[in-house]
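Heads up, the thing below is written out as structure tokens.
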Amino acid sequence: MAHLVSPSLLSADFGNLQHDIEMVNNSEADWFHLDVMDGIFVPNISYGIPVIKAVKKHAKKPLDVHLMIVDPDRYIDDFQKAGADILTVHYETCNHLHRTVQNIRSKGMKAGVSLNPHTPVHLLKDIITDLDLVLIMSVNPGFGGQKFIPNAIEKIKELKQLILKKESNALIEVDGGVDHTNAKILVDAGCDVLVAGSYIFGAKDQMKAIKGLKSL
């Protein structure tokens, strides 16, 4: 399978969000990545369900929703109704991860689990076959534009081996500091989905930046 690109709307122009959504619609990107932050699990607040509903009205590609929030179980129904196609929760926020994942999938969404930079891959060994996606954070979550943490490459390799060993169908997604300098290294290590925010939306030619990530 060719790798996918999921532009992160956290770096989009919120004064002209529909314009940026249309740009992604017309580009070679595959998904829209939406980071939901609560100011508790991460030291920032982003957008919530009303914005996701608004994006859904214009998006022609799947919504890849990443919950950086405490107690995500309370909101699974709400995000499904808002239009999430993929819903990713953090390992660090779920006391009963298997139950959470099964609930997400029962609502017709694909289920993902994200790991912070300090969280080891082996903790997913008992649930990897239930996952559609694993998101490796290559920065500490909370803000866009941070510097890439190189250890993420080794985590991707380790995760790929776990997926193969367990015969899981989970995709590997990477988010944080992804750009033209490391994207090929990430894909070669086993990454299936590249999330990029400031690199795409900060580019003079945004569609060209997306094309560059797709054509590695």
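The values are calculated or read from the model by the stated rules, or taken from the named source; none is laboratory data. A quick note: this is a predicted structure, and the numbers were derived from the prediction, not measured. A quick note on method: Cβ atoms are made from the backbone with ideal geometry, for glycine too, and the neighbour counts reach across all protein chains shown.
Residues to consider are Val36, Val24; find the one that is more than 20 Å from Lys107 (Cα to Cα) and of a type in the set (A, V, I, L, M, F, W, C). Spell out the reasoning first.
Details: Val36 fails: more than 20 Å from Lys107 (Cα to Cα).
On inspection, the qualifying residue turns out to be Val24.
Checking Ala170 against (1) surrounded by 21 or more Cβ atoms within 10 Å (Cβ to Cβ); (2) farther than 26 Å from Asn44 by Cβ; (3) out of contact with any strand residue (DSSP E or B) (no Cβ under 6 Å at 6 or more places or on another chain), only one condition comes out false. Which one?
Answer for Ala170: the failing condition is (3).
Pick from Ile86, Ile127: which is at pLDDT 95 or above and under 20 Å from Leu4 (Cβ atoms)?
Values: Ile127 fails: under 20 Å from Leu4 (Cβ atoms).
Of the residues listed, the single one that is at pLDDT 95 or above and under 20 Å from Leu4 (Cβ atoms) is Ile86.
Evaluate the following for Gly190: is it under 21 Å from Thr88 (Cβ atoms) and at pLDDT below 95?
In short, no.
How many residues are among the acidic types (Asp, Glu) and in contact with a Pro (Cβ under 7 Å, 6 or more places away or on another chain) if we restrict to segment 71-101?
Within segment 71-101, the subset among the acidic types (Asp, Glu) is 71, 73, 77-78, 85, 92.
Narrowing the set further to residues that are in contact with a Pro (Cβ under 7 Å, 6 or more places away or on another chain) leaves 85.
Matching residues across segment 71-101 total 1.
Scan segment 15-47 for residues that are touching a strand residue (DSSP E or B) at 6+ places or on another chain (Cβ under 6 Å) and in a loop (DSSP other than H, G, I, E, B) and jot them down.
Narrowing segment 15-47 to residues touching a strand residue (DSSP E or B) at 6+ places or on another chain (Cβ under 6 Å): 24, 29-37, 39, 41-42, 44-46.
Those that are touching a strand residue (DSSP E or B) at 6+ places or on another chain (Cβ under 6 Å) and in a loop (DSSP other than H, G, I, E, B): Ala29, Asp30, Trp31, Gly39, Phe41, Val42, Asn44, Ser46.
Please tell me if Asp73 is part of a helix (DSSP H, G or I) and touching a Ser or Thr at 6+ places or on another chain (Cβ under 6 Å).
Numbers: part of a helix (DSSP H, G or I): yes; touching a Ser or Thr at 6+ places or on another chain (Cβ under 6 Å): yes.
When the stated conditions are applied, Asp73 passes them.
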